[in-house]
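Notes to accompany the following structure.
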Amino acid sequence: MTTTVPGRVPQKIHPHKFIMWVAIGGIVMMFAGLTSAYIVKKNQSSWLQFDLPIEFFYSTAVIVLSSITMFLSVRAIRAGKMNQYKTMITVTAVLGFAFLLLQYLGFKDLQAKNIAMVGARSNSAASFLFVITFLHMIHVLGGVTALIVFWVKAKSKKITENSVVSVEILGTYWHFVDLLWIYLFLFYNWIG
Amino acid sequence: MSNEAVLHAHSGAHDGHEDHSHEHHHQSFISKYVFSQDHKMIAKQFLITGMVWAVLGGFMSVLFRLQLGYPDSSFPWLETILGKWAKGGHITPEAYYALVTTHGTVLVFFVLTAGLSGTFANFLIPLQIGARDMASPFMNMLSYWFFFAASIVMLSSIFVETGPFSGGWTAYPPLSALGDASPGSKSGMDLWIVSMALFVVSSLLGGLNYIATVLNMRTKGMSMTRLPLTIWALFFTAVLGVLSFPVLLSGFILLIFDRNFGTSFYLSDIFINGVGALPNEGGSAILFQHLFWFLGHPEVYIILLPAMGMVSEILSVNSRKPIFGYMAMIGSLFAIAILAFLVWAHHMFVTGLNPLLGSVFVLLTLLIAVPSAIKVFNWLTTLWRGNIRFTPGMLFAIGFVSLFISGGLTGIWLGNSALDIHLHDTYFVVAHFHIVMGVASMFGMFAGIYHWFPKMYGRFLNNTLAYVHFWVTIAGAYMIFWPMHYEGLAGMPRRYYDYSIWESFKQFQDLNQFISLVAMIVFAVQFLFLFNFFYSIFRGRKVTTQNPWDANTLEWTTPINPGHGNWPGEIPEVHRWPYDYGKDGVDFIPQTTPVGADESVEH
């Protein structure tokens, strides 16, 4: 759609893609706010030191892998390879679920070590880890939901140019939540 | 990607060439007036919802001004409308704090954020940049309905048994975090926080759209430096919102965990009468203030910038002169948008902030005076030797400049951390922010409504009613808020329920009564405007020409009552900036006029 129509500017980027980029800016600000609060709080009294659960290391590997399969599904739909596209978004969704499950197991692990994240005995160090990770999980869950919707659509509907754009937008979002987790993971390890 | 593709994203194949004037006629009532995706209808929805809130929020201020002006009198009719909140005709302390809190929340967020930028960003962005609609009309519709849901939740909080939240619009913990802290901290606060979360979602959905639309959907020839200043201002407003509202949301999320899940982000060492010592340990209420004011200060500019943009446009159109210093206007908007993020701690000078850090924030705060002064200078020089038409919109725009100067000057006082020790939390602060942010932005909003009403409804507002509305409101605004400076300088604290029992503040009893009386008159006069607005929608003088103000911008090239899609046929191409007034002896040259061969080049 880059052909010049009289009276209109040829567009460099699809407006919906641009909206996603701006939304990513907003989400970045949200997590920047939370991790700044984390730093401020850490330098105050009674901050509990503890190791990250081992599950978070596995989940990092899983979400990186899911970014690769997401990349492959975007490439597949661009090339019109529908079967490969369907397989790849299915794998991505499964990996997304696996990530969420691992995060949950990580919380269970902390609980088993008697580190309370909420409630009267909780320490802000664990509470911050829980709240920030939980919010990230909600963002991943949003992505997984979108993947499932796309999977249903891919079974029933014909692929149009618009659906390629939507898949590209979802891809951008998916890579973003991946990078966001890597940032949080490094943040917890270096600063937390 | 063309504008058509966005408007008709659902319709599959399309070529973007067809004529749109005869589409959109088979709309049902629901899709035209309720779940509309037309940016013009969504703008009107925001405006009218905002007006409902302005009446409610204004009425709340009348109620608590009754208490402040007449602390010893009883008003039996108050008990009739407020019931147990005004036993014996006296507003109870709980009700007083609830009224102050709800007045603040509603006016700041629902009226001056949603009602102002929600209305005019939606209405003006597509019309002035030459687009058929927003980048995502569907998200735009969601934005309104999230605001509507937020409104319903906030409204319902007024009717719960323990009353609405009463800890101030800033919702500082522990009052906001502990249900046992006060009656208003119970379910009233739960509803407050749900309402605000919905509101943040609404603002973000709207803001994303505004940014994407301004950057991606301008018509041919509409470069960024040919945009009207309204669009620049609304664009920076949206950027501020998208970058600061998520931080407020993260602050609220931590607050929700403290309230409902026993965490200690903001709470430490608290003892509540009747409950005992709380287990929370290690939290910091100041942390909430940082997160809150990181939004809270940009929020001030989210409220003010749209008014600045509209005032720039209206002043230029009605002075029949180009805006003075167009690029300086954009530069100063940009500077204000950047500085807005770097000054939040000036709300926290007396929280025990490190004095060195305080002095950095003093410097950054006072720097805002520079772009503000540039803007004021440019407005005055735009008026200078202009061929001024005193339309109601123009009067309100000039009133805005007056109020912005008066309120801005006291900002220089308050920006000093040393002076702030004395002035913090006094009526001086109340006077300052009401003039510079509250009333000034209301004036910007009125200016916008009077100016663009003919485009919104194809009819004019009544001028006589408008002039009465203007003069009473501007005189009243000064009479209400000017005396508050004296009270504040004398140390009179804000948020007290009854000053007559304080030896130091008894002397202000008459002054408080005067303020309350004027507040009631000004509130009553707003009904002239409301009557004018709703009467003129149906019975106002009809607009007979496309361009009633002889303005240059694109919205006046649309039909008098534009349909969804705004222009029948092609979107016009833009050939020049929007401020060619009085150029080469020509009164005005619309943006769509190609540059003539013998035209002078400077603008």
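The values are calculated or read from the model by the stated rules, or taken from the named source; none is laboratory data. Quick caveat, the model's predicted, so the values are computed rather than measured. Cβ: placed from backbone, ideal geometry, glycine included. Neighbour counts: every protein chain shown.
Table for the structure above
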{"quantity": "A:Thr60 in contact (Cβ under 8 Å) with a residue 40 or more places away in the chain, within 14 Å of chain B (Cβ to nearest Cβ) and within 19 Å of the chain's Cα centre (by Cα)", "calculated": "no"}
{"quantity": "Flag for B:Leu357 being in a helix (DSSP H, G or I) and over 18 Å from B:Phe120 (Cβ atoms)", "calculated": "yes"}
{"quantity": "Counted residues, segment A:30-49 - those being over 15 Å from the mean Cα position of the chain (by Cα), facing chain B (nearest Cβ under 7 Å) and of a type in the set (A, V, I, L, M)", "calculated": "3"}
{"quantity": "Residue satisfying all of: in segment A:10-29; surrounded by fewer than 20 Cβ atoms within 10 Å (Cβ to Cβ) and at pLDDT below 90; nearest to the other protein chains (Cβ to nearest Cβ) among these", "calculated": "A:Gln11"}
{"quantity": "Leading residue by the ranking (farthest from the other protein chains (Cβ to nearest Cβ)) among those in segment B:532-575 that are of a type in the set (Lys, Arg) and outside any loop (DSSP other than H, G, I, E, B)", "calculated": "B:Arg539"}
{"quantity": "Residue among A:Val149, A:Val131 that alone is facing chain B (nearest Cβ under 9 Å), assigned to a helix (DSSP H, G or I) and more than 11 Å from the chain's Cα centre (by Cα)", "calculated": "A:Val131"}
{"quantity": "Subset tally (residues that are assigned to a helix (DSSP H, G or I) and either at the interface with chain B (Cβ under 8 Å from one of its Cβ atoms) or more than 16 Å from A:Ala37 (Cβ to Cβ) (or both)) for segment A:116-127", "calculated": "2"}
{"quantity": "Conditions (1) under 19 Å from B:Leu63 (Cβ atoms); (2) in contact with a Lys or Arg (Cβ under 6 Å, 6 or more places away or on another chain); number of the one not met by B:Ile129", "calculated": "(1)"}
{"quantity": "Pick from segment B:363-394, criterion assigned to a helix (DSSP H, G or I) and more than 25 Å from the chain's Cα centre (by Cα), ranking: surrounded by the fewest Cβ atoms within 10 Å (Cβ to Cβ)", "calculated": "B:Leu363"}
{"quantity": "Hits in segment B:314-336 (condition: part of a helix (DSSP H, G or I), crowded, with 21+ Cβ neighbours inside 10 Å and not hydroxyl-bearing (Ser, Thr, Tyr))", "calculated": "B:Ile314, B:Leu315, B:Val317, B:Asn318, B:Met329, B:Leu333, B:Ile336"}
{"quantity": "Boolean, A:Val140 is more than 13 Å from every other protein chain (Cβ to nearest Cβ), hydrophobic (A, V, I, L, M, F, W, C) and assigned to a helix (DSSP H, G or I)", "calculated": "yes"}
{"quantity": "Residue match in segment A:106-113 (condition: within 27 Å of A:Ile27 (Cβ to Cβ), free of Cβ contacts under 8 Å to residues at least 24 places away in the same chain and either among the aromatic types (Phe, Trp, Tyr) or touching an Asp or Glu at 6+ places or on another chain (Cβ under 9 Å) (or both))", "calculated": "yes"}
{"quantity": "A:Val164 being without any contact (Cβ under 8 Å) to a residue 12 or more places away in the chain, of a type outside the set (D, E, K, R), more than 14 Å from A:Leu184 (Cα to Cα) and more than 9 Å from chain B (Cβ to nearest Cβ)", "calculated": "no"}
{"quantity": "Segment B:287-299, subset facing chain A (nearest Cβ under 7 Å) and crowded, with 23+ Cβ neighbours inside 10 Å, residue nearest to B:Ser268 (Cα to Cα)", "calculated": "B:Leu291"}
{"quantity": "Inter-residue pairs, beta-carbon under 7 Å, first under 21 Å from A:Asn43 (Cα atoms) and facing chain A (nearest Cβ under 7 Å) and in segment B:275-286, second crowded, with 18+ Cβ neighbours inside 10 Å and hydrophobic (A, V, I, L, M, F, W, C), 6+ apart", "calculated": "B:Gly283/B:Phe265; B:Gly283/B:Leu267"}
{"quantity": "Filtered residue count, segment B:151-176, keeping only those that are among the hydrophobic types (A, V, I, L, M, F, W, C) and either within 23 Å of B:Asn280 (Cα to Cα) or crowded, with 24+ Cβ neighbours inside 10 Å (or both)", "calculated": "4"}
{"quantity": "Condition check for A:Leu100: in contact with a helix residue (DSSP H, G or I) (Cβ under 8 Å, 6 or more places away or on another chain), away from every other protein chain (no Cβ under 14 Å) and at pLDDT 95 or above", "calculated": "yes"}
{"quantity": "Members of segment A:44-76 found to be more than 30 Å from A:Asn162 (Cβ to Cβ) and among the polar types (S, T, N, Q), listed by number", "calculated": "A:Gln44, A:Ser45, A:Ser46, A:Gln49, A:Ser59, A:Thr60"}
{"quantity": "Filter result (buried (at least 24 other Cβ atoms within 10 Å of the Cβ), β-branched (Val, Ile, Thr) and more than 14 Å from every other protein chain (Cβ to nearest Cβ)) within segment B:177-230", "calculated": "B:Thr230"}
{"quantity": "Filter pass, B:Ala114 being in contact with a helix residue (DSSP H, G or I) (Cβ under 9 Å, 6 or more places away or on another chain), assigned to a helix (DSSP H, G or I) and modelled with pLDDT of 95 or more", "calculated": "yes"}
{"quantity": "So B:Leu249, is it farther than 17 Å from B:His346 by Cα, more than 9 Å from chain A (Cβ to nearest Cβ) and assigned to a helix (DSSP H, G or I)", "calculated": "no"}
{"quantity": "Of all residues in segment A:91-120 being among the β-branched types (Val, Ile, Thr) and within 16 Å of the chain's Cα centre (by Cα), the one that is nearest to B:Asn280 (Cα to Cα)", "calculated": "A:Val94"}
{"quantity": "Residue within segment B:283-295 that is closer than 17 Å to B:Ser202 by Cα, outside the structural domain of B:Phe109 (by TED's automatic domain parsing) and aliphatic (A, V, I, L, M) present", "calculated": "yes"}
